[in-house]
Amino acid sequence: MSKIAEILFASLRSALFGARVDVEAYAALSAEEWQRLFRMSAKQGVLAIVYDVVSQLPKECQPPRQINLQWALSVEAIENRHELQRKTSAILAELWFESGLQTIVMKGLAAGTYYPKPQHRECGDLDCFLCGDYERGNQLAEAFGAKVERDFYKHSHIEYRQLLV
């Protein structure tokens, strides 16, 4: 396993389970290695979670200023996207509920509630089960102004206020 992958996993263990980190391992990273850690974290969808650890390191062990700033701004964007997804999904679920449709949110946003900082668990879309009222849910979503694509196996894609369901 590469040095960067080891640090990535150590960061995740620390952020999610409170494991201690080897501060010296971070201090020994070059600017290029910090950039690789940033890119690997982003590619795996754990950028904000890893930054929870990186931002708590002693100043002399943190990434160079430019990478640190890029990371902090990326985390802020993830938090903003999470908040938009959370609010929009609540609006849509409430609209379905008021129409008598039961909705169960699965994976993504629901699983994020088990994270130390739910807003740092990246989520690309909202997965939900409409309790047997699949087509009625699609029709209601369209009535609420959503774009519905039904051409997918066993599910549809609903785009509602920039939220993919």
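Conditions (1) among the β-branched types (Val, Ile, Thr); (2) modelled with pLDDT of 85 or more; (3) under 30 Å from Val23 (Cα atoms), marked per residue:
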residue	(1), (2), (3)
Leu57	no, yes, yes
Glu60	no, yes, yes
Thr88	yes, yes, no
Pro118	no, yes, yes
Leu130	no, no, no
Asp133	no, no, no
Phe144	no, yes, no
Tyr153	no, no, no
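Table: residues versus (1) open to solvent by 80 Å² or more (accessible area, probe 1.4 Å); (2) more than 12 Å from the chain's Cα centre (by Cα); (3) touching a residue at least 24 places away in the same chain (Cβ under 8 Å).
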{"position": "Trp71", "(1), (2), (3)": "no, yes, yes"}
{"position": "Glu83", "(1), (2), (3)": "no, no, yes"}
{"position": "Leu109", "(1), (2), (3)": "no, no, yes"}
{"position": "Thr113", "(1), (2), (3)": "yes, no, no"}
{"position": "Gln119", "(1), (2), (3)": "no, no, yes"}
{"position": "Gly124", "(1), (2), (3)": "no, no, yes"}
{"position": "Gly145", "(1), (2), (3)": "no, yes, no"}
{"position": "Arg150", "(1), (2), (3)": "yes, yes, no"}
{"position": "Arg161", "(1), (2), (3)": "yes, yes, yes"}
Handout entry: Residues (free of Cβ contacts under 8 Å to residues at least 60 places away in the same chain and within 13 Å of Ser11 (Cβ to Cβ)) located in the range 52-68
Key = Val53, Val54, Ser55, Gln56, Leu57, Cys61, Gln62, Pro63
Completion exercise
Taking the range 94-109 and keeping only residues that are among the aliphatic types (A, V, I, L, M) and under 15 Å from Leu164 (Cβ atoms), one is left with Val105, Met106, Leu109
Exercise for the section: Mind listing whichever residues of the range 38-51 are under 10 Å from Leu12 (Cα atoms), in a helix (DSSP H, G or I) and open to solvent by 20 Å² or more (accessible area, probe 1.4 Å)? Expected result: Tyr51
Handout entry: From Arg39, Arg20, Arg65, residue being basic (Lys, Arg) and under 21 Å from Pro116 (Cα atoms)
Key = Arg20
Practice task
Can you work out which of the residues in the range 126-137 that are assigned to a strand (DSSP E or B) and hydrophobic (A, V, I, L, M, F, W, C) is least open to solvent (accessible area, probe 1.4 Å)?
Solution key: Cys128
Fill in the blank from the handout: Going through (1) touching a residue at least 60 places away in the same chain (Cβ under 8 Å); (2) over 30 Å from Gln139 (Cβ atoms); (3) of a type in the set (Val, Ile, Thr) one by one, Ile78 fails only at (1)
Exercise for the section: Tell me which residues, restricted to the range 85-101, are open to solvent by less than 60 Å² (accessible area, probe 1.4 Å), part of a helix (DSSP H, G or I) and not aliphatic (A, V, I, L, M). Expected result: Gln85, Thr88, Ser89, Trp96
Problem - Hits in the range 2-37 (condition: open to solvent by less than 20 Å² (accessible area, probe 1.4 Å) and in a helix (DSSP H, G or I)) - result: Ile4, Ala5, Ile7, Leu8, Ser11, Tyr26, Trp34, Leu37
Problem - Hey, Leu140 part of a helix (DSSP H, G or I), surrounded by 14 or more Cβ atoms within 10 Å (Cβ to Cβ), over 14 Å from the mean Cα position of the chain (by Cα) and in contact (Cβ under 8 Å) with a residue 12 or more places away in the chain or not - result: yes
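The values are calculated or read from the model by the stated rules, or taken from the named source; none is laboratory data. From a predicted model like this one, the values you see are computed outputs, not experimental measurements. Don't worry about glycine lacking a Cβ; one is built from the backbone with ideal geometry, like all the others, and counts go over all protein chains shown. These area figures cover heavy atoms from the full protein model, side chains too; ligands, DNA and RNA do not enter into them. Shrake-Rupley method; radii C 1.70, N 1.55, O 1.52, S 1.80 Å.
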